[in-house]
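Here the structure comes first, spelled out in structure tokens, and everything after it is commentary.
Throughout, read-outs are computed from the coordinates displayed, never taken from laboratory work. Bear in mind the structure is a predicted one, so any value in this text is a computation, not a measurement. Quick reminder, even Gly has a Cβ in these numbers, built from the backbone with ideal geometry, and neighbours come from all protein chains shown.
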Ligand SMILES: [Zn+2]
């Protein structure tokens, strides 16, 4: 028997014991008995080999749904109308929670201007985008933290991990750690709390009032620096978060002068496809940015998205897209 099924069998047997104990108590109600019938039916399906097979289309039910609820009997395409409505409501709620975690779209202080666009492919997104003005006392207290990340996978599971990343980052930013240590700590926490195969790429920056910017990238796509009429790509310095608990995250220090910009983005943007399945690509984006040094963050993000939409020419958006521009005013 497959490991997963052995695990699910032990889960079902455990639920059975708990239900029996609950049914024996004076406060028991009929719903417990109905659940016990369902658990026994699932154990029967394990015995006759039909467990995990959709009763409508006879295709396997999604593994992650079985792990979350071993009583499911239908694949996601064959849910009943009330089940489908409940799922849609859960997604709407999750989407609202996620939108509420986003920072304000425009930020302007201490010589910095920031604007970002966040476009999930579905109701929820696996992209992480954050702008956090540091609070506290001292010179470092006026730094601004930026973070842009992309969690592996899609849908609800990825959005939950994005939420987790948001919480870790927000709680650690206040600790005034050097950037490399901050990312190292987020990596360890993330590593310990995710299962194998789940990881996230992340690039974060700390912009100080002097125009100095520190960048640290955990396996994320290159950031573009628009400076002196040229576009330079700044590559990643570390492994994605959650891949290895150990690992260094070297920091790259740059300085932005008036009118210089940094462009951060997720692969949903550069991996956009046209109707013939050609990928847009990050070189294409670098080329597009070249003639647009003078644009302010809001106009530049809008121009990039318009360019991608023109390239896609009506092909559906397959992945979550985020783009953030930091500019020295
Ligand atoms: Zn089905």
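Would you pick out the residues in the range 270-329 that are farther than 22 Å from residue 146 by Cβ and in contact (Cβ under 8 Å) with a residue 60 or more places away in the chain?
Result: 290, 317, 318.
So which residues in the range 295-311 are exposed (fewer than 14 other Cβ atoms within 10 Å of the Cβ) and farther than 17 Å from residue 113 by Cα?
306, 309, 310
Only residues that are over 23 Å from residue 10 (Cβ atoms) and touching a strand residue (DSSP E or B) at 6+ places or on another chain (Cβ under 8 Å): list them for the range 55-79, please.
Residues satisfying the conditions are 59, 75.
Do you know which of the residues in the range 25-78 that are at positive phi and either in a strand (DSSP E or B) or surrounded by fewer than 13 Cβ atoms within 10 Å (Cβ to Cβ) (or both) is farthest from the ligand (Cβ to nearest atom)?
In this case the residue turns out to be 49.
Tally time: how many residues in the range 215-257 are touching a helix residue (DSSP H, G or I) at 6+ places or on another chain (Cβ under 8 Å), surrounded by fewer than 19 Cβ atoms within 10 Å (Cβ to Cβ) and in a strand (DSSP E or B)?
Residues meeting the conditions: 2.
For a quick check of your reading of the model, give me the residue pairs whose first member lies in the range 52-75 and is closer than 16 Å to residue 39 by Cβ, whose second is outside any helix (DSSP H, G or I) and away from the ligand (no atom under 14 Å from the Cβ), with beta-carbon atoms closer than 9 Å and at least 6 apart or on different chains.
Pairs found: 52/70; 66/51; 70/51.
Could you tell me whether residue 91 is at negative phi and touching a strand residue (DSSP E or B) at 6+ places or on another chain (Cβ under 7 Å)?
No, not satisfied.
Scan the range 287-304 residue by residue and report those that are in contact with a strand residue (DSSP E or B) (Cβ under 6 Å, 6 or more places away or on another chain) and assigned to a helix (DSSP H, G or I).
Residues satisfying the conditions are 289, 290, 297, 298, 300, 301, 304.
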